[in-house]
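Engineer: Before I ask anything, here is the structure I am working with.
Every read-out reported here was derived from the displayed coordinates using simple, explicitly stated rules and does not represent laboratory data. Keep in mind the model is a prediction, meaning the values are calculated, not measured. Cβ coordinates were reconstructed from backbone atoms using ideal geometry, including for glycine residues, and neighbour counts include every protein chain displayed.
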Amino acid sequence: DAGVIQSPRHEVTEMGQEVTLRCKPISGHNSLFWYRQTMMRGLELLIYFNNNVPIDDSGMPEDRFSAKMPNASFSTLKIQPSEPRDSAVYFCASSPTSGPGELFFGEGSRLTVL
Amino acid sequence: KNEVEQSPQNLTAQEGEFITINCSYSVGISALHWLQQHPGGGIVSLFMLSSGKKKHGRLIATINIQEKHSSLHITASHPRDSAVYICAVTHYGGSQGNLIFGKGTKLSVKP
């Protein structure tokens with residue numbers, strides 16, 4: 001079975017540009033999470049979807065960040081405009097349950113904003 | 001004080017040694033996760049547990065809810081076990097994915 005698939009794996013962009021990160025969760029999983037990992041802050045939840053509906057977006061830093069899940073097999077995280085402090089590894093994870101359950105992570109998207 | 005504390009922060013072991021990584025937390029939880037992250041790599045969920053003990057191959061995870069403490073043990077350690085091990089908890093009453101993460105334990109196993 002394919003795991004969680006993220007793209008791109010690496011992205012280098014200039015400040016002010018729009019960045020779109022993509023995630024395909026494991027088929028049949030009904031929960032999807034976006035996390036950000038930095039050296040300073042470690043792993044942080046950005047947003048959590050359950051059955052395609054955003055449940056907890058308290059971690060989304062500011063209006064420059066937006067996330068969508070138009071269907072059960074696809075989600076995007078968009079940053080517009082990007083800033084150097086957005087440089088991080090962004091992980092998508094999915095889970096087969098709505099309650100506490102095992103998380104399956106993608107390989108991450110490493111974003112560098114110059 | 002962090003709500004999830006791990007110890008040690010760094011650990012170097014010789015191949016074959018028995019390894020223990022500890023995690024203490026200060027909040028009520030509904031679940032505790034142990035995650036593994038190799039250098040430059042993705043994150044793999046090793047265990048999710050809410051009570052007792054789980055075993056998978058050479059890895060064992062235990063949790064004591066009353067003491068708010070969990071341990072991850074690696075028996076017969078191998079260089080491929082070198083990674084960062086992260087403890088994370090689901091805060092009781094919090095949303096599922098809003099894990100509180102520890103800062104990780106960096107393990108290096110020398111051949």
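Engineer: For chain B, what relative contact order do you get, as a whole percent, if you take Cα pairs closer than 8 Å and at least 6 residues apart? If you can, show how the numbers build up before the last one.
Structural biologist: Numbers: 274 pairs, mean separation 41.2, N = 111.
For chain B, the relative contact order is 37 percent.
Engineer: I've got another one for you. Of all DSSP beta bridges located in the protein assembly as shown, what percent are antiparallel, nearest 5? Provide the component values of the computation, followed by the final result.
Structural biologist: Values: 77 of 86 bridges.
Rounded to the nearest five, the antiparallel share is 90 percent.
Engineer: Okay, next question. Connecting C-alpha atoms closer than 10 Å in a GNM of chain B, tell me which of B:H91, B:H73, B:H56 has the biggest fluctuation.
Structural biologist: B:H56
Engineer: Additional query: How do the peptides A:68-78, B:100-110, A:29-39 rank, highest first, by the average count of neighbouring beta carbon atoms within 10 Å per residue? Spell out each step's value before the answer.
Structural biologist: Values: A:68-78: 16.0, B:100-110: 18.8, A:29-39: 20.6.
In decreasing order of mean packing, A:68-78, B:100-110, A:29-39 become A:29-39, B:100-110, A:68-78.
Engineer: Charges only on Cβ, +1 for Lys and Arg, -1 for Asp and Glu: so what's the dipole of chain A about the Cα centre, in debye to the nearest 20?
Structural biologist: Rounded to the nearest 20 debye, it is 140 debye.
Engineer: Still on this model: For peptide B:27-39, what's the mean number of Cβ atoms from other chains within 10 Å of each residue's Cβ?
Structural biologist: Rounded to a whole number, the mean comes out at 2.
Engineer: Ordered by residue, what ³J(HN,Hα) values in Hz, to whole numbers, does the range B:58-73 give under the Karplus form 6.51 cos²θ - 1.76 cosθ + 1.60, where θ = phi - 60° and Gly and Pro are x?
Structural biologist: 8, 9, 9, 10, 10, 9, 10, 5, 5, 8, 6, 8, 9, 10, 10, 10
Engineer: Let me ask something additional. Based on alpha-carbon positions alone, could you give the equivalent ellipsoid semi-axes of chain A from the gyration tensor, as √(5λ), descending, whole Å?
Structural biologist: 23, 14, 13
Engineer: Also: I want to verify a result. In a Gaussian network model of chain A, Cα cutoff 10 Å, which of these has the top mean-square fluctuation: A:R85, A:R41, A:R22?
Structural biologist: The residue with the greatest mean-square fluctuation here is A:R41.
Engineer: Percent relative contact order of chain A, based on C-alpha pairs within less than 8 angstrom and at least six residues apart? Write out the running numbers ahead of the final one.
Structural biologist: Numbers: 288 pairs, mean separation 42.7, N = 114.
It comes to 37 percent, rounded to a whole number.
Engineer: When a/c is below 1.5 the answer is rounded, else prolate if a/b is larger than b/c, else oblate, so apply that to the protein assembly as shown with a ≥ b ≥ c taken from the square roots of the Cα gyration tensor eigenvalues.
Structural biologist: Taking the square roots of the gyration eigenvalues as a ≥ b ≥ c, the protein assembly as shown is prolate.
Engineer: If you average the alpha carbon positions of the range A:57-114 and of the range B:17-75, how far apart do those two centres end up, in angstrom?
Structural biologist: 25 Å
Engineer: Let's test this: bin the Cα-Cα distances of chain B at 5 Å from zero up to the farthest pair and state each bin's percent.
Structural biologist: Per 5 Å bin, starting at 0, the Cα pair percentages come out as 2, 13, 24, 25, 19, 10, 4, 1, 0.
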